Each structure stands twice: as structure tokens, then as C-alpha cells.
Amino acid sequence: MPRIAYVNGRYLRYPNATLSIDDRGLQFGDSVYEVIAVRHDRFVELDDHLARLWRSLEALRMASPVSEPALRIVLREIKRRNHVQDGLLYLQITRGIAPRNHKFPDRTVRSTLIVTGAQRTSTDQLMALREGVTVVTLEDARWRHCDIKSTNLLPNVLAKQTAIDAGAREAWLVDEEGFITEGTSSTAWIVLENGHVVTRPLSTRILPGVTRLNLLAVLKQMQIECVERPFTVQEAEFAKEAFLTSANNPVTPVVTINGVVIGDGTPGQVTRLLQSAYQTGNGAS
Ligand SMILES: Cc1ncc(COP(=O)(O)O)c(C=O)c1O
């Protein structure tokens with residue numbers, strides 16, 4: 001079955017799905033994106049992803065080339081044409097195609113929209129959910145607007161590769177004061193001895209994760225105390241449990257941090273509880 005991508009109004013087979021070398025996404029990373037999970041044939045938390053997309057666009061003073069209802073149709077169509085029942089949809093909007101120049105192009109330049117979708121094939125992720133993953137901490141070298149989901153991801157890419165080279169799955173990034181901000185592509189969480197869950201509060205230093213938002217609601221429903229405050233590397237290493245979240249990796253246990261075993265080195269009780277509560281209750285739409 002050929003994979004189909006949406007590019008600026010057309011549904012194209014992958015080899016034909018190309019963009020100009022003058023696209024500002026390529027030239028400047030001048031673009032925003034979203035990754036939306038599909039589970040059991042339904043989008044997961046689609047409204048929250050679109051709300052964040054619109055906030056990112058606004059923050060970068062960029063316009064969407066299509067209305068929100070039209071974008072929903074494109075997403076549904078890409079999901080259908082690629083037979084995605086459990087997998088991911090990716091969408092990116094760039095500031096469009098214009099001769100290379102740092103300043104914004106003329107208002108007549110239309111922004112670029114691409115949408116792709118893929119059925120999940122990896123068993124690696126299932127293993128990660130079951131057995132947990134390892135994390136190392138690294139300096140957070142990103143810019144000061146991490147709340148915008150832009151494709152300026154070079155520090156994230158470098159940190160992820162450094163983590164992988166060190167035999168870990170993810171890097172948790174650390175600010176100048178020794179507090180963990182978040183993962184390169186995930187939100188960081190720990191569970192304390194008293195059972196309280198801790199995650200960093202929203203600010204320009206972290207992405208407002210859609211999974212984070214919805215997991216906070218699940219925690220509230222379950223009457224599990226969650227404290228939104230910064231936590232240090234040492235606090236994480238000595239936590240009872242740790243886990244990370246993203247649309248692609250919902251509630252994934254973390255079993256070592258910098259080689260220090262978390263709890264007994266297996267996914268913790270609260271993490272397991274949240275894993276199943278989130279999977280069953282996560283507003284697929
Ligand atoms: C830096 C960063 N933080 C957090 C997340 C988690 O966000 P979400 O739960 O919306 O996928 C991501 C996801 O890509 C990310 O890239």
C-alpha cells in the first residue's frame with residue numbers, strides 16, 4: 001500500500017510529496033508542528049493538539065493556510081488513506097516559500113501545510129511501556145520559548161543522540177539551577193515516597209504537553225496528589241518512581257536515571273496505575 005502525504009492542497013504518493021528548497025521550514029526552521037496519536041481508530045486528544053497548534057502559530061505570527069475545520073478534514077483523510085488505526089499523524093505548517101531572507105516574507109506568501117500518517121509498526125515502544133526506559137540528564141541548551149511547538153529542534157536532536165550514544169532512551173534536560181525542565185521529546189514526572197506525583201509547572205521553559213494536560217485531569221479524578229514544581233536531578237535519581245509522557249509514548253516508566261536505579265528497577269505501582277487509567281480514559285475523539 002503506497003503511503004500518502006498531504007502537501008499544500010494535494011494528496012500525493014511519498015516519492016512525489018516534495019517541497020521547494022526555498023521553503024522557510026527548511027531554510028530557517030520557521031515552522032510549527034504537532035504529533036497526534038491514533039488509538040483504536042480514533043484521534044487522541046485532537047482538540048487539545050489543535051488548540052496548541054493555534055497558540056504556536058499565533059506566538060510566531062504565522063497564519064494557517066487552511067481553517068480549523070478544513071484541517072480536521074485533511075487529518076481524517078490522511079488517516080483514512082494511510083489506514084492508520086494505531087499510529088501517529090504528523091502535521092507541520094511553515095511560513096511558506098520565498099527567496100531566502102530572514103525577515104518575514106510578503107503577506108501574499110501562503111504558508112505551507114504538510115500532513116503525514118503512519119500505522120505503528122514498532123514493538124520497541126510496547127517493550128518500553130511494559131519494561132520501562134533509561135534516561136540520562138544533560139544541559140538544556142534550548143531557546144527561551146520552549147512553550148512554542150516549533151521545529152527548531154537542534155538542541156533536542158543533539159541531546160537525544162547523546163542519550164542514545166550513552167545507551168539511554170531519552171535525555172532529561174537540566175536548567176542553569178540544576179532543575180529538570182523536560183525530556184527532548186517528552187514531559188518528565190517523578191513519584192515521591194509519599195506517593196505524590198511531581199512535574200514542572202508550565203512556563204516558557206517547557207512545552208505544554210497535551211498528554212501532561214490530560215494526565216493531570218486523570219490524577220485529579222483519581223485523587224492522587226500532584227504537585228507542579230521544579231525538581232532537581234538528585235531528587236529524580238532518588239525518587240520512588242519516574243515516568244515520561246508524550247503523544248507517542250503515553251505514561252512510559254523510567255527505570256534508571258544516570259545509571260541510578262529508580263525504586264526496584266521495574267515500573268512502579270503509581271506509574272502502572274496511571275498507565276491503565278490514562279489508556280482507558282484519554283478522550284479519544
Ligand atoms: C519537548 C517536548 N516536551 C514534551 C512533549 C510531550 O508533549 P505531548 O504530550 O503533547 O506529546 C513533547 C512531544 O513531542 C516534546 O517534544
(message) Residue by residue through the stretch 195-200, what is 3J(HN,Hα) from phi via Karplus (6.51 cos²θ - 1.76 cosθ + 1.60, θ = phi - 60°)? Round to whole Hz and write x for glycine and proline.
(response) x, 6, 9, 10, 8, 5
(message) What number results when the radius of gyration of the chain, computed over Cα atoms, is divided by 2.2 N^0.38 Å?
(response) 1.02
(request) Determine how many Å³ per residue the convex hull of the Cα atoms of the stretch 156-230 encloses. (result) 109 Å³
(request) List every residue whose amide H lies under 5 Å from the amide H of T137, counting only residues 5 or more places away in sequence or on a different chain, with H placed 1.01 Å from N in the peptide plane. (result) W172, N258
(request) Sort out for me the Cα centre separation of the stretch 36-100 from the stretch 193-244, rounded to whole Å. (result) 27 Å
(request) For G96, enumerate residues with amide H under 5 Å from its amide H, sequence gap 5+ or separate chain, H modeled in the peptide plane. (result) R24, G25, T112
(request) Please compute the net charge surrounding G259, taking Lys and Arg as +1 and Asp and Glu as -1 over other residues with Cβ under 15 Å from its Cβ. (result) -2
(request) May I ask you to evaluate 6.51 cos²θ - 1.76 cosθ + 1.60, the Karplus curve with θ = phi - 60°, for each residue of the stretch 164-177 and list the ³J(HN,Hα) values in order in whole Hz, giving x for glycine and proline? (result) 5, 4, 8, x, 9, 9, 9, 9, 9, 8, 10, 7, 4, 9
(request) With a 1.4 Å probe and every protein chain left in place, tell me how much accessible area E176 has, in Å² to the nearest 10. (result) 120 Å²
(request) Rounding to the nearest 20 debye, state how big the charge dipole of the chain is about its Cα centre with +1 on each Lys and Arg Cβ and -1 on each Asp and Glu Cβ. (result) 1380 debye
(message) Please report the projected area of the stretch 4-120's Cα convex hull averaged over all directions, in nm².
(response) 7.0 nm²
(message) If Rh is defined by the Kirkwood formula over all Cα pairs and Rg also comes from Cα, what ratio Rg/Rh do you get for the stretch 125-281?
(response) 0.93
(request) Please name whichever of Y90, P65, I164 sits farthest to the positive end of the charge dipole of the chain, dipole taken about the Cα centre and charges placed at Cβ: Lys and Arg +1, Asp and Glu -1. (result) P65
(message) Using amide H atoms built in the peptide plane, which far-off residues or other-chain residues are under 5 Å from G268 H to H?
(response) A242
(request) Roll a 1.4 angstrom probe over the protein heavy atoms and tell me the percent of accessible area of the stretch 4-120 that is carbon or sulfur. (result) 51 percent
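Just add up the charged neighbours of V109: K/R +1, D/E -1, any other residue whose Cβ is under 14 Å from the Cβ of V109.
Taking every other residue near V109 into account, the sum is +3.
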(request) Show H145, H196, H83 ordered by accessible area, largest first, where the area counts protein heavy atoms only and the probe is 1.4 Å. (result) H83, H145, H196
(request) Convert each backbone phi in the stretch 22-33 into a coupling constant with the Karplus relation 6.51 cos²θ - 1.76 cosθ + 1.60 (shift: θ = phi - 60°), then list the ³J(HN,Hα) values in order as whole Hz, x for Gly and Pro. (result) 8, 5, 5, x, 6, 5, 10, x, 8, 7, 10, 8
(message) Can you tell me which lysines have their Cα less than 28 Å from the Cα of K240? Leave out same-chain residues fewer than eight positions away.
(response) K160, K220
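The values are calculated or read from the model by the stated rules, or taken from the named source; none is laboratory data. Owing to the predicted nature of the structure, the values given are computational and were not obtained by experimental measurement. Using ideal geometry, Cβ is built from the backbone for each residue, glycine included, and neighbour counts are taken over all protein chains shown. The area values use the complete protein model at the heavy-atom level, side chains included, leaving out ligands, DNA and RNA. Shrake-Rupley method; radii C 1.70, N 1.55, O 1.52, S 1.80 Å.
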